[in-house]
1. Pick from segment 135-192 the residues that are closer than 20 Å to TYR79 by Cα and polar (S, T, N, Q): which of them is surrounded by the fewest Cβ atoms within 10 Å (Cβ to Cβ)?
2. I need a count of the residues in segment 81-126 that are part of a loop (DSSP other than H, G, I, E, B) and under 22 Å from LEU68 (Cβ atoms).
3. Within segment 43-61, is there a residue that is part of a helix (DSSP H, G or I) and acidic (Asp, Glu)?
4. Look through segment 115-126, keep the residues that are modelled with pLDDT under 95 and of a type outside the set (D, E, K, R), and return whichever of them is surrounded by the most Cβ atoms within 10 Å (Cβ to Cβ).
5. What single numbered condition from (1) in a loop (DSSP other than H, G, I, E, B); (2) open to solvent by 70 Å² or more (accessible area, probe 1.4 Å) fails to hold for LYS66?
6. Please pick out the residue among LYS26, LYS6, LYS30, LYS59 that is within 18 Å of the chain's Cα centre (by Cα), farther than 17 Å from ILE181 by Cβ and among the charged types (D, E, K, R).
7. Which pairs do you get when a residue that is farther than 15 Å from LYS129 by Cβ, found in segment 35-53, comes within reach of a residue that is hydrophobic (A, V, I, L, M, F, W, C) and in a loop (DSSP other than H, G, I, E, B), reach meaning Cβ atoms under 6 angstrom, with the pair 6+ apart or on two chains?
Amino acid sequence: MTLDGKTDSIFFDLDGTLWDCFELIKKLWKQEADIDFQKSFMGLTSKEISQQTGLSLDKINSIQSKELDFIKNNNPKIYKGVIEGIKKLAFRYKLFIVSNCQKGYIDVFLQKTGLQPYITDFRYEQKDKSTNVADLIVEYNLSRPIMIGDTMSDLKAAQSNYILFIQAKYGYSDTICSKGIDSFEELEKLWK
């Protein structure tokens, strides 16, 4: 699979695409709510997690606010090639992060990685992922974006905006799309 030169921007999901905080988050949820947090919860909205676990939205919001400090004080796994790759891609494309995470979570990622100067903009769970992608396409007048993510919510966001989706097959989901990469480092090869 290769991409043509018309692509003008790339939307990235965060968890399972750029970094892996699953083990840290799982540990915190066990401590705070005695919940066995599942990989399938990654990429879900707070409301969807509430439906799956039976926890109130207030309890989930409380745990998620602790996630930020917990991740800041620990070392999440940044996927190999992400920091170097984002820096290189930023010379050719507008880069965006769109996630179902809580406010402040993307900021922690950007602080941990030093990638703030390379990301054009980002959105989190205030709106659903499809709407966030649509808003950014309009705001930045994008003509040929692509979406890279690992879950069904990423695929649906791409489909609802009629943009190409590439699955990060190293992420949290089983194969959901025929177009995919097995490592972040493969991204550079797509444009050669």
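The values are calculated or read from the model by the stated rules, or taken from the named source; none is laboratory data. Quick caveat, the model's predicted, so the values are computed rather than measured. Backbone-built Cβ (ideal geometry, glycine too); neighbour counts: all protein chains shown. All accessible areas refer to the heavy atoms of the entire protein, side chains included, with ligands and DNA or RNA removed. Shrake-Rupley method; radii C 1.70, N 1.55, O 1.52, S 1.80 Å.
1. THR175
2. Of the residues in segment 81-126, the ones part of a loop (DSSP other than H, G, I, E, B) are 81, 90-93, 99-104, 114-115, 119-120, 124-126.
Filter once more, so that each one left must be under 22 Å from LEU68 (Cβ atoms): 99-104, 114-115, 119, 124-126.
Number satisfying all stated conditions: 12.
3. To start, the set of residues in segment 43-61 that are part of a helix (DSSP H, G or I) comprises 46-53, 57-61.
Narrowing the set further to residues that are acidic (Asp, Glu) leaves 48, 58.
Yes; the residues of segment 43-61 include at least one that is part of a helix (DSSP H, G or I) and acidic (Asp, Glu).
4. Filtering first and then ranking leaves TYR124.
5. LYS66 satisfies every listed condition except (1).
6. Values: LYS6 fails: within 18 Å of the chain's Cα centre (by Cα); LYS30 fails: within 18 Å of the chain's Cα centre (by Cα); LYS59 fails: within 18 Å of the chain's Cα centre (by Cα).
The conditions single out LYS26.
7. As it stands, the answer is THR53/ILE35, since those pairs meet every condition given.
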